[in-house]
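Let me begin by presenting the structure, written as structure tokens, before commenting on it.
The values are calculated or read from the model by the stated rules, or taken from the named source; none is laboratory data. This one's a predicted model, so the numbers in the text were calculated from it and none came from an experiment. Neighbour counts are summed over all protein chains in view; Cβ atoms, including those assigned to glycine, are modelled from backbone coordinates with ideal geometry.
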Amino acid sequence: MAGGPSSGSGSADSGGSGPAAGGFGASLKGGSGSSLFWSEVTVPGRPRVLVLDAVEDRDGWEAEATAHIANSLTRRDIPVIGKAPIPVSGRDDIAAAIKSADDFNCIFLTTRADGSTSAAECWLALQDILAGSSKLFAMCTWDSADPEIANSALKDEGTFAPVAVVQQEPMSGRGASLFFMKFFAELDMHSEATESMTGKMVWFGHSKAREIMRRRHYEGRVGLRS
């Protein structure tokens, strides 16, 4: 997988000491969404993920990384709707993908804060199309970030996503991929017994993904709706 712009070594599972790890841990203080641990919010079922790839460059490293994440989930027996990411380039494509998808309870969106079909456009389209629904929402914006849209996805009331995991700062391709693969793997494992995704399970998945990022010295910030 092409790693994109690199902001961490990622080459060793080094135990989490040293300046890089400390800086990453410090950047996440207050971002763990600890109140979700006690929340009664629940999304029924184990993760069934609709992967939407809104990055315009279909031959770029972002598309390759998105496919790598989807393949990783499939290898772990986490259902990916259609068994591959669905390229989308605007509201109509997003609506068509959602309408044609089999039953899903998670949306994983990869997009950019800049360029065509930006994170803002995608978020507003999903808010409209999925009004009245209840899904887990995860958004990756790679080496770009839109703090305003991230904050909206994490804080707005009346959203389709009572549980959301959203990138808040630029991250390397490898770092972002590692985070989201680990998050969904942990979430699936914790939800197996109850066939549901509770706030506590999402909190644990997010915490485990943050920890592996810290240990491998990848920088960035992914917020958790709380």
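From the set of residues in the stretch 72-101 that are among the acidic types (Asp, Glu) and assigned to a helix (DSSP H, G or I), which is surrounded by the most Cβ atoms within 10 Å (Cβ to Cβ)?
Looking at residues that are among the acidic types (Asp, Glu) and assigned to a helix (DSSP H, G or I), I get 93.
Within the stretch 43-99, how many residues are farther than 27 Å from residue 194 by Cβ, modelled with pLDDT of 95 or more and of a type in the set (Lys, Arg)?
Qualifying residue count, the stretch 43-99: 2.
Would you mind stating whether residue 123 is of a type in the set (Phe, Trp, Tyr), within 23 Å of residue 222 (Cα to Cα) and assigned to a helix (DSSP H, G or I)?
Criteria met by residue 123.
Name every residue in the stretch 100-130 that is modelled with pLDDT under 95 and β-branched (Val, Ile, Thr), in order of residue number.
Correct list: 117 only.
Just checking, how many residues over the stretch 40-71 are surrounded by 18 or more Cβ atoms within 10 Å (Cβ to Cβ), among the aliphatic types (A, V, I, L, M) and either assigned to a loop (DSSP other than H, G, I, E, B) or touching a Gly at 6+ places or on another chain (Cβ under 6 Å) (or both)?
3
Exactly one of (1) out of contact with any helix residue (DSSP H, G or I) (no Cβ under 6 Å at 6 or more places or on another chain); (2) in a helix (DSSP H, G or I); (3) of a type in the set (A, V, I, L, M); (4) within 27 Å of residue 216 (Cβ to Cβ) is unmet by residue 171. Its number?
(2)
Could you tell me whether residue 153 is of a type in the set (A, V, I, L, M, F, W, C) and outside any helix (DSSP H, G or I)?
Answer is no for this residue.
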